[in-house]
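Student: The structure follows.
The values are calculated or read from the model by the stated rules, or taken from the named source; none is laboratory data. Bear in mind that the values here come from a model prediction, so they are computed numbers and not experimental data. Virtual Cβ from ideal backbone geometry, glycine too; neighbours counted across all protein chains shown.
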Amino acid sequence: MQDSVIQILFLGENPSWSKLSQALSAAPDAPLHVQRLDSLADIFPALAVGRWHAVALDLHAWNFQGLHYVEKVRSEYPAFPIVALYSPSIPELDTKATTCGASRCIPFDHLTADSLEFAIASTLSDSEPQFLLQKVSEKHSFLPFVGKA
């Protein structure tokens, strides 16, 4: 993964987007490309057509809907890396995110290009790449038995 760019989808509100943008602009040579999405509905079509390595979600977005978004992505893509971004001023939010299915959590005050890259790379190294974007329905589908009676 050292020679390639990590492709990340981001879902969150403007304040978290600003923090993420600042972290990335402070490290212009970081091998990260982040595309911002406007809604949860945009994540699934993007995952279906793109070659993404991870999703970064702002847990505070839209009155803490980020926790719900972690669950939704995890329910569709059980092995896909999800990085939850959060404020450590809210107790146990990282624990809740992990319980909901986040692969890694990064507090905003520790968000850097390096911390984001490390979180995603470590999650990817723990996974089998061929199954990352496999949906739940694809993993559990069964072919009907076709044979002679």
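Student: Out of the stretch 47-72, which residues are of a type in the set (Val, Ile, Thr) and surrounded by fewer than 24 Cβ atoms within 10 Å (Cβ to Cβ)? Before you say what the answer is, go through the steps one by one.
Tutor: Step one: of the stretch 47-72, the residues of a type in the set (Val, Ile, Thr) are 49, 55, 70.
Hit for the stretch 47-72 is Val49, nothing else.
Student: Okay, next question. Taking interchain pairs and intrachain pairs at least six residues apart, which have beta carbon atoms under 7 angstrom, with the first residue in the stretch 45-68 and under 20 Å from Pro88 (Cα atoms) and the second surrounded by 15 or more Cβ atoms within 10 Å (Cβ to Cβ) and of a type in the set (Lys, Arg)?
Tutor: Filtered contacts from the stretch 45-68: Leu67/Lys96.
Student: Follow-up. Just to verify a result, which residue in the stretch 91-115, among those that are part of a strand (DSSP E or B) and within 14 Å of the chain's Cα centre (by Cα), is farthest from Glu13 (Cα to Cα)?
Tutor: From the stretch 91-115, those part of a strand (DSSP E or B) are 104-107; that's our starting set.
Then keep just the ones that are within 14 Å of the chain's Cα centre (by Cα); that gives 104-106.
Working: Arg104: 19, Cys105: 17, Ile106: 16 Å.
Result: Arg104.
Student: Quick one: would you say Ser39 is exposed (fewer than 13 other Cβ atoms within 10 Å of the Cβ), farther than 18 Å from Gln7 by Cβ, among the hydroxyl-bearing types (Ser, Thr, Tyr) and in contact (Cβ under 8 Å) with a residue 12 or more places away in the chain? Reasoning before the result, please.
Tutor: Details: exposed (fewer than 13 other Cβ atoms within 10 Å of the Cβ): yes; farther than 18 Å from Gln7 by Cβ: yes; among the hydroxyl-bearing types (Ser, Thr, Tyr): yes; in contact (Cβ under 8 Å) with a residue 12 or more places away in the chain: yes.
Yes, satisfied.
Student: Let me confirm something: among Pro88, Pro15, which residue is touching a Pro at 6+ places or on another chain (Cβ under 8 Å) and either surrounded by fewer than 17 Cβ atoms within 10 Å (Cβ to Cβ) or not in a helix (DSSP H, G or I) (or both)? Before you say what the answer is, go through the steps one by one.
Tutor: Working: Pro15 fails: touching a Pro at 6+ places or on another chain (Cβ under 8 Å).
Residue meeting the stated conditions: Pro88.
Student: Only one residue in Ser25, Ser39 is modelled with pLDDT of 95 or more and under 22 Å from Ser87 (Cβ atoms), so which one is that? Break it down stepwise before answering.
Tutor: Numbers: Ser39 fails: modelled with pLDDT of 95 or more.
From the options Ser25, Ser39, the qualifying one is Ser25.
Student: Would you pick out the residues in the stretch 42-57 that are under 16 Å from Leu124 (Cβ atoms) and part of a helix (DSSP H, G or I)?
Tutor: Leu47
Student: Which one of these is over 12 Å from the mean Cα position of the chain (by Cα), of a type outside the set (S, T, N, Q), within 18 Å of Ile6 (Cβ to Cβ) and not in a strand (DSSP E or B): Phe80, Phe118? It would help to see each step written out before you state the result.
Tutor: On the way: Phe80 fails: over 12 Å from the mean Cα position of the chain (by Cα).
Every option except Phe118 fails the conditions.
Student: I would also like to ask the following. Looking at the stretch 101-122 only, could you name the residues that are in contact with a Ser or Thr (Cβ under 6 Å, 6 or more places away or on another chain) and aliphatic (A, V, I, L, M)?
Tutor: Once the filter is applied, which keeps residues that are in contact with a Ser or Thr (Cβ under 6 Å, 6 or more places away or on another chain) and aliphatic (A, V, I, L, M), the stretch 101-122 yields only Ile106.
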